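Colleague: Pasting a structure here, questions to come.
Taken together, the values in this text are just the output of simple stated rules run on the coordinates, not laboratory data. This one's a predicted model, so the numbers in the text were calculated from it and none came from an experiment. Every residue, glycine among them, receives a Cβ derived from its backbone with ideal geometry; neighbour counts consider all protein chains shown.
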Amino acid sequence: MKASLVWSSPSPERTIAVAMRRCYSTKPIEDIEVELEQKGPEYWKYLIGKALQDKSLDVLEHLVLTLMVEGAAETDVGLLTRTFPYLRATRLRSSDWLLTLNARTLVELWRDPRGKPLAEVIVMELTQRETCPILSELAFGVKVNAS
Amino acid sequence: MRVKLLYHTDLDAIKHVLAQKGVLFDADAMMDHVVYMFEIEDCSRVTTHQLVRHRAASYDQESQRFSAATREGVVTPPSIQSNEAGLKAYDEALKVIYSTYEQMVAAGVPKEDARYILPGAIKTKLVMTLNARSLMHLVWQRTALQAQWEIRELATTLHRLAQEATPELWTKIIER
């Protein structure tokens with residue numbers, strides 16, 4: 001099974017941080033975005049770490065990923081889409097699929113034996129592309145070397 | 001009320017993959033894969049209670065547990081605005097509510113408990129992420145004539161922003 005990233009939410013980790021700050025700030029969204037840019041990735045890491053620690057995974061739902069997954073059996077994809085409602089799949093041809101899921105679903109797949117094989121190939125792809133290095137490290141224990 | 005589209009899926013990226021695999025673009029199938037993230041500001045909590053009934057979406061909303069409520073932040077429905085006696089009663093009640101809220105907070109009641117007195121009219125802010133299928137269902141239901149004025153205004157704006165961003169998915173007229 002192989003996953004290729006098609007699209008992800010722009011500024012993936014800042015997007016999670018925006019959602020988290022929205023809960024605690026009365027400011028307009030533009031001010032929150034400026035604040036998060038100024039404070040930078042270390043602060044986003046603090047917020048994402050806190051969300052994972054507090055099990056407030058809802059903020060991860062705003063980071064959305066679309067991938068092409070090749071070599072996935074229909075029975076496996078069917079089981080997972082029935083179990084994880086925010087995982088959407090469209091068959092492209094035979095065992096190739098277009099999948100869309102949010103980062104919370106990815107974390108839940110990773111923690112579920114039925115979803116782990118799919119989560120592993122997705123996390124491997126995200127790691128190689130350095131899509132969301134903070135989340136990869138904190139949620140999946142994958143250290144991405146800064147290039 | 002202010003609504004801003006923060007991001008949406010790049011439809012061209014998906015089309016590129018479909019072309020690679022020799023699959024024709026099907027707007028209906030792609031509605032599960034195209035997502036939108038919106039910021040919604042200064043609509044009432046009455047309306048966001050209606051909004052979050054659309055469960056196939058992700059929401060994060062300004063918390064009243066931690067942020068203080070202010071007297072300026074309330075929505076007044078047009079039917080009250082245009083009714084002299086109604087507006088007078090509404091304003092008087094709001095004054096009492098906010099005065100009570102401020103007294104409680106000043107007396108040391110936690111904001112998360114003092115908020116029990118706050119009105120449904122209070123303005124709120126939230127982010128919402130959902131796919132095109134869920135959004136189309138929301139628009140279909142909440143732009144209907146039976147829907148309330150504020151959520152109709154919201155749904156109409158969401159529809160416009162999504163249609164401008166990804167016109168190919170919104171070519172069909174929403175039929176009732």
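Colleague: Within straight cross-link reach of B:LYS21, meaning Cα distance under 13 Å, which aspartates and glutamates are found once same-chain residues fewer than 8 apart are removed?
Modeller: A:GLU70, A:ASP96
Colleague: Given +1 on the Cβ of Lys and Arg, -1 on the Cβ of Asp and Glu, and no further charges, what dipole in debye does chain B carry about its Cα centre, rounded to the nearest 20?
Modeller: Rounded to the nearest 20 debye, it is 240 debye.
Colleague: Report, to the nearest 10°, how far helix B:149-165 tilts away from the longest principal axis of the Cα atoms in chain B, using its own Cα long axis and a range of 0 to 90°.
Modeller: Helix B:149-165 sits at roughly 30 degrees to that axis.
Colleague: Checking the a/c ratio against 1.5 first, then a/b against b/c, what shape does the Cα gyration tensor give for region A:2-140?
Modeller: Because a/c hits 1.5 or more and a/b exceeds b/c, region A:2-140 counts as prolate.
Colleague: Pull up all non-local amide H partners of B:LYS125: gap of 5 or more, or a different chain, and H-to-H distance under 5 Å with H placed in the peptide plane.
Modeller: Distant-sequence amide H within range of B:LYS125: B:ASP42, B:GLU62.
Colleague: How high is the FRET efficiency from B:LEU5 to B:GLN103, r the C-beta distance, R0 45 Å, rounded to 0.05?
Modeller: Once rounded, the FRET efficiency stands at 0.65.
Colleague: Considering only C-alpha atoms, what is the centroid distance from region B:110-176 to region B:11-86, in Å?
Modeller: Centre-to-centre distance over Cα atoms comes out at 5 Å.
Colleague: Loop-only chymotrypsin sites (Phe, Trp or Tyr not before Pro) in region B:1-101, please: DSSP not H, G, I, E or B, and at most 15 other Cβ atoms within 10 Å.
Modeller: B:PHE25, B:PHE66
Colleague: FRET efficiency for A:LYS39 and B:GLN163, Cβ-Cβ distance as r, R0 = 22 Å, nearest 0.05?
Modeller: The computed FRET efficiency comes out at 0.05.
Colleague: Can you grab the distance from the C-alpha centre of region A:108-136 to the C-alpha centre of region A:36-77, Å, no decimals?
Modeller: Region A:108-136 and region A:36-77 have Cα centres spaced 10 Å from each other.
Colleague: Loop only by DSSP, 16 or fewer other Cβ within 10 Å of the Cβ. Give me the trypsin sites (Lys or Arg not before Pro) in region A:1-40 that pass, ordered by residue number.
Modeller: Qualifying residues, ordered by number: none.
Colleague: Please name whichever of B:THR129, B:GLN103, B:ILE151 sits farthest to the positive end of the charge dipole of region B:76-170, dipole taken about the Cα centre and charges placed at Cβ: Lys and Arg +1, Asp and Glu -1.
Modeller: So the residue furthest toward the plus end is B:THR129.
Colleague: Considering chain A as a Gaussian network with a 10 Å cut-off on Cα pairs, which listed residue, A:PRO85, A:PRO117, A:PRO41, attains the greatest mean-square fluctuation?
Modeller: The residue that fluctuates most here is A:PRO85.
Colleague: What is the local net charge at A:GLU137, summed over the other residues whose Cβ is closer than 10 Å to its Cβ (Lys, Arg +1; Asp, Glu -1)? Mind showing how you got there, number by number?
Modeller: Numbers: positive: A:LYS45, A:LYS143; negative: none.
So the environment of A:GLU137 carries a net charge of +2.
Colleague: Could you grab the relative contact order for chain B? Cα pairs under 8 Å, six or more apart, rounded to a whole percent.
Modeller: Values: 211 pairs, mean separation 57.4, N = 176.
Reported relative contact order: 33 percent.
Colleague: What distance in nm separates the two pseudo spin-label positions at A:MET1 and A:ARG111, each 7 Å out from Cα along the beta-carbon direction?
Modeller: 1.9 nm
Colleague: In addition: Output the 0 to 90 degree angle, nearest 10, between the alpha-carbon long axis of helix B:84-106 and the longest principal axis computed from the alpha carbons of chain B.
Modeller: 80 degrees
Colleague: Here is a follow-up. Picking from B:GLY86, B:GLY22, B:GLY108, which is most flexible by a Gaussian network model of chain B using Cα springs under 10 Å?
Modeller: B:GLY22
Colleague: What aspartates and glutamates sit close enough to B:LYS125 to cross-link, taking a C-alpha to C-alpha distance under 15 Å and skipping anything fewer than 8 places away on the same chain?
Modeller: Qualifying aspartates and glutamates at Cα under 15 Å: A:GLU30, A:ASP31, A:GLU33, B:GLU39, B:GLU41, B:ASP42, B:ASP60, B:GLU62, B:GLU72, B:GLU150.
Colleague: Considering only DSSP states other than H, G, I, E and B, which GluC sites (Glu not before Pro) in region A:80-144 qualify as loop sites with at most 16 other Cβ atoms within 10 Å?
Modeller: A:GLU130
Colleague: Counting helices only, and only those DSSP H runs with n ≥ 4, report the 222 nm mean residue ellipticity of chain A as the sum of -39,500 (n - 2.57) divided by its residues, in deg cm²/dmol to the nearest 500.
Modeller: -16000 deg cm²/dmol
Colleague: Oh, and also: Counting GluC sites (Glu not before Pro) as exposed when in a DSSP loop with at most 13 other beta carbons within 10 Å, what is the longest stretch of chain B free of them?
Modeller: Details: sites that count: B:GLU72, B:GLU175.
Value returned for the longest uninterrupted segment is B:73-174.
Colleague: Further question on the same structure: Starting from the Kirkwood Rh over alpha-carbon pairs, what translational D in µm² s⁻¹ does chain B have by Stokes-Einstein at 25 °C and 0.890 mPa s?
Modeller: Diffusion coefficient, whole number: 134 µm²/s.
Colleague: Under a Cβ-Cβ cut-off of 13 Å, what is the net charge of the residues other than A:ALA73 that fall near it, where Lys and Arg count +1 and Asp and Glu count -1? Write out the running numbers ahead of the final one.
Modeller: Working: positive: A:ARG91, A:ARG114; negative: A:GLU70, A:GLU74, A:ASP76, A:ASP96.
Around A:ALA73, the surrounding residues sum to -2.
Colleague: Using only helices, what value at 222 nm comes out for chain B when you add -39,500 (n - 2.57) per DSSP H run of length 4 or more and divide by the total residues, to the nearest 500 deg cm²/dmol? Mind dumping the intermediate values first?
Modeller: Values: 8 runs with 80 residues, N = 176.
Helix contribution divided over all residues of chain B: -13500 deg cm²/dmol.
Colleague: Output the 0 to 90 degree angle, nearest 10, between the alpha-carbon long axis of helix A:12-24 and the longest principal axis computed from the alpha carbons of chain A.
Modeller: 50 degrees
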